[in-house]
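The next block holds one structure in the form of structure tokens; read it before the comments.
The values are calculated or read from the model by the stated rules, or taken from the named source; none is laboratory data. The structure displayed is predicted, hence computed values, not measured ones. Cβ atoms come from the backbone with ideal geometry, glycine included; neighbour counts cover every protein chain shown.
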Amino acid sequence: MKIALAGNPNSGKTTLYNALTGKRENVGNWTGVTVDKKESDLKAQYQIKNNSIKLVDLPGAYSIAPFTGEEAITRDFVLSASPDVIINIVDATNLSRSLFFTTQLIEIGIPVVVALNKMDLVNKKGDYIDVVGLQESLHCKIIETTATSEKGLKQLIEAASEASMHSDLENRGKSVKSFSNDQDRQKYINDLVVKFIVKKVASSQVTFADKVDRIVAHKYLGLPIFFLVMWAVYAFSIEGLGGYLSGYFNDILFGETIPTAANQLLEGIGVHPLMQALIVDGMIGGVGAVVGFLPLIMVLFFCLSLLEDSGYMARVAVVMDRYLKKIGLSGKSIIPMIVGSGCAIPGIMATRTIEDLNEKRITTILTPFVPCSAKLPIIALFSVAFFPESSWVGPSMYVIAIFMIVIGGLLLRKLFVWENTSQFIMELPEYKMPSLKYAFTQMLDKAKAFIYKASTIILVMNTLVWFMQAYGWNLQAVDVQSASILAGVGSIIAPLLIPLGFAGWQLAAATITGFIAKENVVATFAVLLAVGSTDALHMPGGVLTQFFTPVTAYAFLVFNLFTPPCFAAIGAMNSELGSKKWLGRALGFQFGVGYTLALLVTQVGTLLVYGEFAQGFIPAMIVLAVVVGGVYLGIRRADVKRLELSQLSEIGQEA
């Protein structure tokens, strides 16, 4: 039996799906978290005897008539895939909005069972819903549920199974009369709400949540509050609990205990010194340098999950909408960027919820600028090594990201001729006490993904890096790294980094591996510089200071964070942009932004901090002149094209 889960965005649909199936699909309190259907078997405890049940989680929809791409997915599945029964997840705190879709689903002719979700919030408010009366009016079974605590889910599946086996075709469809237009349908629903719902607090009354929104979503205070919140999260994650645990992992676990034990074991069984160096210095040293920051990342995402579950992050989207409108985008663009703070790939995929093609393209290009989990080890490493007493480094990456999103959006509008037609409408979820279970689950999921990546892609890359730095082109072991294969490859790229103030093929090699996976930057440094001793890598005044000043370290951080993302994210960009031409434009723009930004940080920062010109000043000025000239010519060409289109439009209107 196949059951379809359909409902409005933010009704708790995916939370209910996860509870019933044991999956851990991403959930969030804004539209666009679910952008495609997901399918899984029910957990054993919810299966009905002699009946195998499969559940399909559909993207959120407000109506059977699609307005967005994800709503079309829901419409097409319900109408063409013919599920045995539809479980309509209804937000009990907003029946007036939710029942519009419910009445449409009932009219289709497929058995419908209503899951009256978020009943815990209704009870907390002191409101009352006459479930029996509403059930009789709609002529379909209604089950009260609370997806977060799995309350009522067993009864829900039993009701769905019964509805599919004993579908009453005669009664189905009698629940609602024939509506000539949407206004009549909404009037009918409003009458039901008045008849069967008693609210303790009138909707016109100003609540505590309204008062909070007037502060956190204020057009002037909203953005500074967001920066303060992110600063507090980073301070706790990097300098607080996360930093303390990461210090133990780096200094003790992967700095002494595991390498020492591995060396003793390998020496005891007579392993060849080269193989021993590969295992200890390459595999353990490189992977350990990345995994050492795992506690920090777990604490960070635990805090971010609490913010998201509380309803605050939805307010951030509203705050940012005001600023994004200035560059021709909308609040819809900030949602992929917030999702992308966990991983750029789902963030880029979330752009498919944007109807306007041009806005979708621009958002896809700008989303990787938001620091994701893969970039956090780089931020943590350079923060600890060069700015141990400063808590502003991590949050400053978000400030720069927002600044570059705004500037980048303005540039892209100038460089490419397009007009935005998208409108942003978002339902703000109610504030609630965040679920520690949800935050803990999200934290474990991120940790699992991080460890999986470290044990596969990063492990393979570390092994390759170790081999390339240990052997020359003749495949003979070398005594000095400068004669190695990696030094040869890095030396080819190194001249391009001179205007940025980066000297040394090692930095070029770390940059190259970072395009495979951003965590590889830290792992490569561990293999090349720390020689298996990860404590020397992240310690203030450690080996990294041979290659960086604090200014160039910050520039290197900026360069790796704002140049193109990892290969997997580039693949997602290619899929969403749907054009190799636009993918080339996107990668060129991202590389140009990261390169120019790092150049400015190095050259301006060195002049301000040390009162002297940075290394590569003259080449930097030449590059900067070329970039400015290229942007100017691109804007002039776009202006000519705009003028031509305007003239053609005027001719068409006259005709």
Can you tell me which residue within region 358-392, out of those that are under 19 Å from residue 239 (Cα atoms) and of a type in the set (Ser, Thr, Tyr), is modelled with the highest pLDDT? 383
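Does residue 90 satisfy the condition of being touching a residue at least 40 places away in the same chain (Cβ under 8 Å), assigned by TED's automatic domain parsing to the domain that holds residue 165 and within 31 Å of the chain's Cα centre (by Cα)?
So residue 90 passes the test.
Is it true that residue 336 is at pLDDT 85 or above and not hydroxyl-bearing (Ser, Thr, Tyr)?
When the stated conditions are applied, residue 336 does not pass them.
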Within region 234-245, is even one residue in a helix (DSSP H, G or I), farther than 17 Å from residue 298 by Cα and touching a residue at least 40 places away in the same chain (Cβ under 8 Å)? no
For region 305-320, state whether one or more residues are part of a helix (DSSP H, G or I), modelled with pLDDT of 80 or more, of a type in the set (Phe, Trp, Tyr) and surrounded by fewer than 24 Cβ atoms within 10 Å (Cβ to Cβ). yes
Does residue 346 qualify as being surrounded by fewer than 24 Cβ atoms within 10 Å (Cβ to Cβ), out of contact with any Leu (no Cβ under 6 Å at 6 or more places or on another chain) and not basic (Lys, Arg)? yes
Any pair with Cβ under 8 angstrom, 6 or more apart, that starts in region 629-655 at a residue that is at pLDDT below 75 and ends at one that is in a helix (DSSP H, G or I): none
Can you find, within region 113-128, the residue that is farthest from residue 81 (Cα to Cα) among those that are crowded, with 21+ Cβ neighbours inside 10 Å and in contact (Cβ under 8 Å) with a residue 60 or more places away in the chain? 118
Which one of these is aliphatic (A, V, I, L, M) and modelled with pLDDT under 80: 465, 460, 480? 480
Taking the options 405, 365, name whichever one is under 19 Å from residue 596 (Cα atoms) and touching a Leu at 6+ places or on another chain (Cβ under 6 Å). 405
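Each row is one residue, and each column tells you yes or no for (1) more than 30 Å from residue 622 (Cβ to Cβ); (2) touching a Phe, Trp or Tyr at 6+ places or on another chain (Cβ under 6 Å); (3) at pLDDT 85 or above; (4) not hydrophobic (A, V, I, L, M, F, W, C).
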| residue | (1), (2), (3), (4) |
| --- | --- |
| 470 | yes, no, no, no |
| 501 | no, no, yes, yes |
| 510 | no, yes, yes, no |
| 514 | no, no, yes, yes |
| 530 | yes, no, no, no |
| 533 | yes, no, no, yes |
| 538 | yes, no, no, yes |
| 545 | no, no, no, yes |
Would you be able to say whether some residue in region 20-42 is crowded, with 16+ Cβ neighbours inside 10 Å, of a type outside the set (Ser, Thr, Tyr) and modelled with pLDDT of 85 or more? yes
Residue check, residue 95 at pLDDT 90 or above, of a type outside the set (S, T, N, Q) and surrounded by 18 or more Cβ atoms within 10 Å (Cβ to Cβ): no
Every residue in region 307-332 that is within 15 Å of the chain's Cα centre (by Cα) and either aliphatic (A, V, I, L, M) or over 29 Å from residue 12 (Cβ atoms) (or both), please. 307, 313, 314, 316, 317
